[in-house]
Amino acid sequence: MASKLSSLTPITDLTIHRSPKFHTQFLQTSLVFRSFSSSSSSSLHTKLHSSELNSRRNSFVCSNSLKQETVQNPTESPSPLTSSNKLVLVTGGTGGVGQLVVASLLNRNVRLRLLLRDPEKAKSLFGEHEEEKLQVMKCDTRNAGGLDPSMFEGVTHVICCTGTTAFPSRRWDGDNTPERVDWEGVRNLVSTLPQSLSRIILVSSVGVTKSNELPWSIMNLFGVLKYKKMGEDFVRNSGIPYTIIRPGRLTDGPYTSYDLNTLLKATAGERRAVLIGQGDKLVGEVSRLVVAEACIQALDIDFTEGQIYEINSVPGDGPGSNTEKWKELFKAAQIQ
């Protein structure tokens, strides 16, 4: 199946405009994503939208307008992400964001290792692959005893996409609560990682520093923001190079019953424009597609090390997998 995946080369015409608004760059690619919150969190959208308007007035970011088309180019030189020396370990790889991270990295010919509670799900989502390209290990990060240092031999990068719903739901069955997943699971994982790791990317959430303020206190009724912040702090204090991505309310998907080819054809609809900020000021929604691409791009952008970024998306075209444009997005967020 992997042989059927095509290589896409983004071609862009970039014009940069300065504005006292968000740094906006537009994303166009061919994947999608997953949310930490349940559908019940969508009832907060009206309140969050009001806060979003206020946060936009208080943010100072560049606004970049891109026009982009994508064409097939089989002779394209490998991107920095296509590296036989890189071995990326993904946790939560069959969830809404994680499955898109995995599908995109497979398409880029990056070697992968997945830690999954149910390895059979990987076969249905991603198909059969040679072990050199995709390794799947049975593991539950909630149980410290099930994590062994041998699982991380040769691993150069980690993307942690584990998560559960903010409010009680069927996904909480089997002790799958925010405390167990977002705190204990992250702590157990990071405690086992080798210090030689090049980078860990952690998917967290906007609002983690404001869990006692409205409307975030409603989202945090069962502790999801508190435990995500505890997980963040453990990563930050681990001594391992890190980047933390805090998405807004997740849209598009999750596509947890799709196969690899379908995942690669999925799109972010019209919400491809990317807003990136720092300081936990952004409020709004973000396509799972944007979150997955942000995680992948951060792996190889040196100056994102030790940084925390909030990320939203709005209607518009975008940079796809163009690393230079993602660099502009991340860099501008740090200049604010």
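The values are calculated or read from the model by the stated rules, or taken from the named source; none is laboratory data. Model, not experiment: these values are computed from the prediction. Because the Cβ atoms are built from the backbone with ideal geometry, glycine has one as well, and the counts that use them run over all protein chains shown.
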- Message: Take G163 and tell me if it is assigned to a loop (DSSP other than H, G, I, E, B) and under 22 Å from T251 (Cβ atoms).
- Response: yes
- Item | Every residue from segment 162-186 that is surrounded by fewer than 17 Cβ atoms within 10 Å (Cβ to Cβ), on the phi < 0 side of the Ramachandran plot and of a type in the set (D, E, K, R) | R170, R171, D173
- Task: Please state which of the following conditions V283 fails to meet, knowing it meets all the rest: (1) more than 20 Å from W216 (Cα to Cα); (2) out of contact with any strand residue (DSSP E or B) (no Cβ under 6 Å at 6 or more places or on another chain); (3) at pLDDT below 90.
- Result: (1)
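Given the criteria free of Cβ contacts under 8 Å to residues at least 40 places away in the same chain, closer than 26 Å to T177 by Cβ and under 20 Å from the mean Cα position of the chain (by Cα), does L134 qualify?
Criteria not met by L134.
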- Output the qualifying pairs, or none if there are none: Cβ atoms under 6 angstrom, residues six or more apart or on different chains, first residue in segment 205-224 and on the phi > 0 side of the Ramachandran plot, second residue surrounded by 22 or more Cβ atoms within 10 Å (Cβ to Cβ) and not basic (K, R). G207/W216; G207/L225; G223/P178
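Each row is one residue, and each column tells you yes or no for (1) assigned to a strand (DSSP E or B); (2) over 21 Å from the mean Cα position of the chain (by Cα); (3) β-branched (V, I, T); (4) modelled with pLDDT of 95 or more.
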{"site": "V181", "(1), (2), (3), (4)": "no, no, yes, yes"}
{"site": "R187", "(1), (2), (3), (4)": "no, no, no, yes"}
{"site": "I201", "(1), (2), (3), (4)": "yes, no, yes, yes"}
{"site": "V208", "(1), (2), (3), (4)": "no, no, yes, yes"}
